[in-house]
Each structure stands twice: as C-alpha cells, then as structure tokens.
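Trainee: Could you have a look at this structure, given as structure tokens, before my questions?
The values are calculated or read from the model by the stated rules, or taken from the named source; none is laboratory data. Values in this document were obtained by computation on a predicted structure and should not be read as measured data. Here the Cβ is made from the backbone with ideal geometry for all residues, glycine too, and neighbour counts use every protein chain on show. We work out accessible area using only protein heavy atoms, side chains counted, and drop any ligands, DNA or RNA first. Shrake-Rupley method; radii C 1.70, N 1.55, O 1.52, S 1.80 Å.
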Amino acid sequence: MTDSTRNTKYIFVTGGVVSSLGKGIASASLGRLLKNRGFRVTIQKFDPYINVDPGTLSPFQHGEVFVTDDGAETDLDLGHYERFIDESLSQANNITTGRIYQTVITKERRGDYLGSTVQVIPHVTDEIKNAIRRLSHDHDVVITEIGGTVGDIESLPFLEAIRQFRQEEGSRNAIFVHLTLVPYIAAAGELKTKPTQHSVRELMEIGIQPQVLICRSEHALDEDIRRKIALFTNVDLPGVVEALDVDSIYQVPLEYHRQGLDAYVMELLRLEAPEPELEEWTRMVNTIRSPSGGPVKIAVVGKYTELVDSYKSVQEALIHGGIANDVGVEIDWLSSEGFESEGCGERLDEYDGLLIPGGFGQRGVEGMLSAIRWARESGRPFFGICLGLQCAVIEAARNLVGLGESHSIEFENEVQDPVICLMDSQRQVTDKGGTMRLGAYPAKLAEGSRVAGIYGTLEISERHRHRYEVNNRYIEQLEAQGMRFSGRSPDGKLVEIIEVPDHPWFIGCQFHPELKSRPTRPHPLFASFIAAAAARKGRERSTEGAEQAAGVDA
C-alpha cells in the first residue's frame, strides 16, 4: 500500500428485497479480489438475532454452526469467508444482537455508564462500532456483512451504527454495498427494477446511500436496465453490477473482476494496487467446472439432510477433495432415518464412497449404524466425522466385538456397554450454549498409520465441537478385532482418529476437518477420501471392461 492508503478502509454489505441472495458469497468474493491485490483483508458478520451465538439454533433453521480456532460457534458465512480469503477468523468476526446486548448490560451492571440512561443510541450503536474497529488492527480492509434484510426491525441498530460509522470515518474510508434482486417476470418478458428501487429508498430513509449495487438476477442486465437502476437509485453506473447464477460459487470473484467491481471499490476508497493475481484461482475454478477424471458419487447419510446448508462445510470440503484429484464430486444427501427399516445394499451400491457427518440426538442413529456396517463389509470407502466416528465405534462394538447392547450414553443413560461416554469435564455442565469441547486442539498420530501418511506428519491441530468421547475401557477389545486408534490427544487420554487397516479406506475422526478445508488447499483427509472413491470407481470400470471383453471372447 502507498503512504496515502495506510488508513483502514471499511466496506459494509447489506441486503434487500428478499433474504438468501448471497451476501456472504458477495462479501467473500470481494475480499478474495482485494486480497489478491495485496491488501490485508478480514471479514465479519453481524447477525440480528438475540441468541448470543448460533450454537443452540436448529440446523434446519440456521444451517451449520461454523467453529473457529478459538472455539467460537459462528454463522456459516464465516466458513465462506475463511474458504475464500484463506484466513482463520475468530469470535471477533461474528457478532450477534445477543452478544452486543450482553456486553452492554454487563457494563451497565458494573456501573461503566456512570449513571446514564442506557439506550440503543448511543450505547448499543457505540458497542457495534467498537466491534468493527477492533478488527482494524493489522488489516487494510475490513468487510462487514449485515445479516437480515433491509426493513427488518432487528437490523435497525446495526444499520444506524454503520451510518454513524461512515460519518465518523469519512466517505473516502467507508462505503456501502447493497445486494438486491432484479426479478424476471416471464409473463411480461422483462426484468423489473422496482424492488431494487424500493430497497435502496428504504436504505436512504435511514441515511444510507449505497455506492455499489450488486443485482442478483436470472437474466443479464443490459445497458438500459443498468442505466435505469443507476438513475433511480442515485448510484453511479460503474457501481451497478450484475450477479448471475454460476456453475460454482468460486466463479463469483472472477465474474466480479470481469465487471470491474474491485477496481471501482478501490477508486471509491482511494486505494492503489496492482491487478489481482487470479491465475491459480482461475485454474481451480476450471478444474471444478471441467474435471478431467469424470465424477465420483458420494452418499452423505446424515440427520439434517433436508437442509444442505446444515452440512455446508462438508459439501465444500468434498468439492475441494475433487479439486485435489481433478475429478467431479456428485453428492447425494440421504436421511439416515431411511436406513432404519430397510437394507442399505441396494440403495448405497451405486455410490463410490460413504460419509457420515456430525449431529446430535438419537434420531436416525440406527440408520447410520446400518450404513456403516454395509461400508465396512462391502469394502466401500468410509469417512466418519464426529458422530460418524462414534457410530463406527458403536457398530464395531456390536458386530465385531459382540457387545450387542453397546451404545452412547448420549442416547441411553443406562446402557450396558457405553462405548461412547461423556467427557469428565462435561459431567457437571448444565448450560447448553458454548460449553462443548470447542475449537482447535492438537493430536498425535501413530507412526505407520494410514492417517500419518495422509497428513505427512505425526502432529496435527483440528477443530472440535462435541461433548462425548470414545470410552477407553473398550479400546483393547476393539483393537483385537482390527480397529486401530491412530490419533490421540497429546496425553493419550482422548481418541481423535480411528481406522481399519485391512479395509480399502475406513477412517473416522472426532474433530471436524471440513472446517479447515480450502479450495486452494483441500484438507488431506477429504483429498484422500475422494482419491479412494475415484480409485474404487476406476477398479469397477476395469472389472466391467474385463467382463465385457470376456463376453465378447466367449
């Protein structure tokens, strides 16, 4: 950066018309472009709900909970941020209304406000502004996404805070980007700009004039439409950017750059930098769109498959595994409850690999056990994550060791053989929020194990989110039946990874490796899992070819 651009710059991203337009992807994509120009970028999310964090929210309502290294349970958009800008974020990057009010009330009880009447303005808005400024240290650009939709009453304190913030920092140091919808009305055969006009007008009524409009649409915006939007929203024409659906979310930064969004943002913020280095990113996108190795089919058998966002990081990490192997990854999301009353063979035989993701509660667990047994006995590549590892241990205890009544005490308090038990540190815990084993913990891998070969090291650090652990009393019996406990906590007391050495690929981990996977740096376990699935598919094709050849010869 030049001497004239040393001050931290701020970009605020809001959304209008309808929710789920993709503010998180838009923020992450802009962050990627600015980082590739050499700036130090961070991104944060303000969520308007009163929960202190999303840790106690239903996956069906909110999607996955993304966990950071420092143990924060955060919004799934932080996963997008980390994957795009390839930076590890923290609690400071996800702030909710609940956390803001918790902080304000704590200060009031302490007497910090010196007898003042505590109000939304200035006390709540000041706390929001403080949360923004905390990220300015060591960053050239701070991108802040405001959750919700303009017009929601819950978002008003955040919108007022960023309005004040720009007044305090100056127009050269802060800009507003508004994501909106330009719907196509098939009956009329035209795009309609009125929703965008109304959304911007609503922003302007509270004192915010956006400098950039990112317009989601099913059809390209021609010059006339863009000029009309610019005219009626008081946004300069270069600031009207179209956002069409693309084959991969990782294509979005390239589309924004093609339209000059990053250059225009730099102009507004008086920033100077060379053109972004996008060659590696472009190669990665091309691999996703046109892999040379064909597709592999992966079955994800889980508890929350009705909403794919519940497993968003798993979905992306599987795609990253495909990038590492230059293959496409086709994912089918199958409810584990569907395997409780019927066999797995016919339903799962078409897949090249099985993944059992994390979850809480007993619903669907018996279906997971059935699917794992099928994968173990059929030699199909199997990857168990968190609850997936625990289910693999339960299945082996029942069907290999012969402990037919084994289970986790999460599901049965009086179970005869509790092969999965509560951590000692969790026994007296009563609060549900933020009390699990959360964040990054180190682990040691066994020499000569498959996972040691996959990682290429004997010491790792991975992110956790769970309460229950493998019961060490049963490890010797399980090892006698061929299960290897190849990853442990540094003190050896907690199981981190299991594997079955005589199986083509059977690995379970207590942590969540998907949280650290990046499109440019796929996680080793996902890369290896997809490689095993691709190898199995290759063997299957070879067998089919041999059978066909034998038929011809006969």
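Trainee: Residue by residue, what Karplus-based ³J(HN,Hα) values in Hz, rounded to whole numbers, does region 142-158 have, using 6.51, -1.76 and 1.60 with θ = phi - 60° and x for Gly and Pro?
Mentor: Couplings: 10, 9, 10, 9, 9, x, x, 10, 3, x, 5, 5, 5, 7, 4, x, 5 Hz.
Trainee: Now, a different point. Quick check on the chain: helices-only [θ] at 222 nm, where DSSP H runs of length 4 and up contribute -39,500 (n - 2.57) each and the sum goes over total residues. Nearest 500, please.
Mentor: Values: 18 runs with 197 residues, N = 554.
So the helix-based figure for the chain works out to -10500 deg cm²/dmol.
Trainee: Mind running the shape call on region 200-331? Use the C-alpha gyration tensor, a ≥ b ≥ c as the square roots of the eigenvalues: rounded below 1.5 for a/c, prolate if a/b tops b/c, oblate otherwise.
Mentor: Cα axes put region 200-331 in the prolate bin.
Trainee: Same structure, new question: Whenever you get a sec, line up Leu494, Leu438 from highest to lowest accessible area (probe 1.4 Å, protein heavy atoms).
Mentor: Most to least solvent-accessible, the answer reads Leu494, Leu438.
Trainee: Hey, what D do you get for region 269-359 in µm²/s if you plug the Kirkwood alpha-carbon radius into Stokes-Einstein at 10 °C and 1.306 mPa s?
Mentor: Values: Rh = 15.3 Å.
Calculated translational D: 104 µm²/s.
Trainee: Now for a separate question. Nearest 10 degrees is fine. How inclined is helix 279-289 to the longest principal axis of the chain, computing both from alpha carbons?
Mentor: 60 degrees
Trainee: Rank by packing, highest mean first: peptides 202-211, 45-54, with packing defined as the count of other Cβ atoms within 10 Å averaged across residues.
Mentor: Working: 202-211: 16.4, 45-54: 20.3.
Output ranking for 202-211, 45-54: 45-54, 202-211.
Trainee: Treating only the Cβ atoms of Lys and Arg (+1) and Asp and Glu (-1) as charged, compute the dipole magnitude of the chain about its Cα centre; round to the nearest 20 debye. Don't jump to the answer; show the numbers that get you there.
Mentor: On the way: 58 positive and 81 negative charges, 248 e Å.
Roughly 1180 debye for the chain.
Trainee: Quick one: what Rg and Dmax do you get for the chain from the alpha carbons, in Å?
Mentor: 25.6, 96
Trainee: Counting only heavy atoms of protein chains, what accessible area per residue, in Å², does region 105-221 have with a probe of 1.4 Å?
Mentor: Counting only protein heavy atoms, the per-residue value for region 105-221 is 47 Å².
Trainee: Now for a different question. Show the residues, 5+ positions off or on another chain, whose built amide H is closer than 5 Å to the amide H of Gly439.
Mentor: Amide H to amide H, under 5 Å and 5 or more residues apart or across chains, Gly439 pairs with Gly71, His464.
Trainee: With all protein chains present and a 1.4 Å probe, how do Asp222, Asp152, Asp140, Asp245 order by accessible area, largest first?
Mentor: Asp245, Asp222, Asp152, Asp140
Trainee: Lys194: which lysines have alpha carbons under 22 Å from its alpha carbon, excluding same-chain residues fewer than 8 sequence positions away?
Mentor: Within reach: Lys23, Lys228.
Trainee: For the chain, find the longest principal axis of its Cα atoms and tell me its angle to the long axis of helix 23-36, 0 to 90°, nearest 10.
Mentor: 80 degrees
Trainee: Report the equivalent ellipsoid semi-axes for region 1-150 in whole Å, largest first, defined as the square roots of five times the eigenvalues of the gyration tensor built from alpha carbon atoms. Provide the component values of the computation, followed by the final result.
Mentor: Values: eigenvalues 132, 87, 40 Å².
In descending order, the three semi-axes are 26, 21, 14 Å.
Trainee: Just to confirm the number: angle between the C-alpha axis of helix 387-396 and the first principal axis of the chain, 0 to 90 degrees, nearest 10?
Mentor: 10 degrees
Trainee: A further question on this structure: State in Å² the accessible area per residue of region 257-331; use a 1.4 Å probe, count heavy atoms of protein chains only, and round to the nearest integer. Working shown, then result.
Mentor: Working: 3090 Å² over 75 residues.
Accessible area per residue, region 257-331: 41 Å².
Trainee: As a test question: what accessible area, to the nearest 10 Å², does Arg488 have when a 1.4 Å probe is rolled over all protein chains in place?
Mentor: Roughly 60 Å² of Arg488 is accessible to a 1.4 Å probe.
Trainee: Can you send over the carbon and sulfur percentage of the accessible area for the chain, probe radius 1.4 Å, protein chains only? Kindly include the intermediate steps, with their values, before the conclusion.
Mentor: Working: 10670 of 23090 Å².
In the chain, the share of accessible area belonging to carbon and sulfur is 46 percent.
Trainee: Among Phe66, Ile50, Leu34, whose Cα projects farthest towards the positive end of the dipole of region 34-93, with charges put on the beta-carbon of Lys, Arg (+1) and Asp, Glu (-1)?
Mentor: Of the candidates, Leu34 comes out farthest on the positive side.
Trainee: Now, a different point. How many percent of DSSP beta bridges within region 159-247 run antiparallel, rounded to 5? Walk me through the numbers before you get to the answer.
Mentor: Working: 2 of 12 bridges.
Antiparallel bridges: around 15 percent, rounded to the nearest 5.
Trainee: Another question, then. What ranking of Ile43, Ile225 comes out by heavy-atom accessible area, probe 1.4 Å, highest first? Don't skip to the end; give the middle numbers.
Mentor: Values: Ile43 0, Ile225 30 Å².
So the residues, ranked largest to smallest area, are Ile225, Ile43.
Trainee: Please tell me the relative contact order of region 69-126 in percent, rounded to the nearest whole number, where contacts are Cα pairs under 8 Å and at least six residues apart. Please report the intermediate quantities before stating the final value.
Mentor: Details: 25 pairs, mean separation 16.6, N = 58.
Once normalised by length, the contact order is 29 percent.
Trainee: Among 304-311, 156-163, how do they line up by average Cβ neighbours within 10 Å per residue, starting with the highest? Show your work: numbers first, answer last.
Mentor: Working: 304-311: 19.1, 156-163: 21.6.
Top of the packing list down: 156-163, 304-311.
Trainee: Moving on. Along region 520-537, what does the Karplus equation 6.51 cos²θ - 1.76 cosθ + 1.60 (θ = phi - 60°) give for ³J(HN,Hα), rounded to whole Hz, x for Gly and Pro?
Mentor: Residue by residue, region 520-537 yields 8, 9, x, 5, x, 5, 5, 4, 5, 4, 5, 4, 5, 5, 5, 5, 5, 5 Hz.
Trainee: Using a 1.4 Å probe, how large is the accessible area of Leu244, given in Å² and rounded to the nearest 10?
Mentor: Its accessible surface works out to 60 Å², give or take rounding.
Trainee: What residue among Ser408, Val300, Ser136 has its Cα farthest toward the positive end of the dipole of the chain, where the charges are +1 on Lys, Arg and -1 on Asp, Glu, each on the Cβ?
Mentor: So the residue furthest toward the plus end is Ser136.
Trainee: Taking the Cα centre as origin and putting +1 on Lys and Arg beta-carbons and -1 on Asp and Glu beta-carbons, what dipole magnitude results for region 1-74, to the nearest 20 debye?
Mentor: Numbers: 8 positive and 7 negative charges, 117 e Å.
My answer is approximately 560 debye.
Trainee: Could the peptides 288-301, 18-31 be put in order, highest first, of the mean number of other beta-carbon atoms found within 10 Å of their residues? Working shown, then result.
Mentor: Numbers: 288-301: 18.4, 18-31: 21.5.
Going from most to least packed, we get 18-31, 288-301.
Trainee: Which lysines have a Cα less than 26 Å from the Cα of Lys537, not counting those fewer than 8 places away in the same chain?
Mentor: Lys297, Lys312
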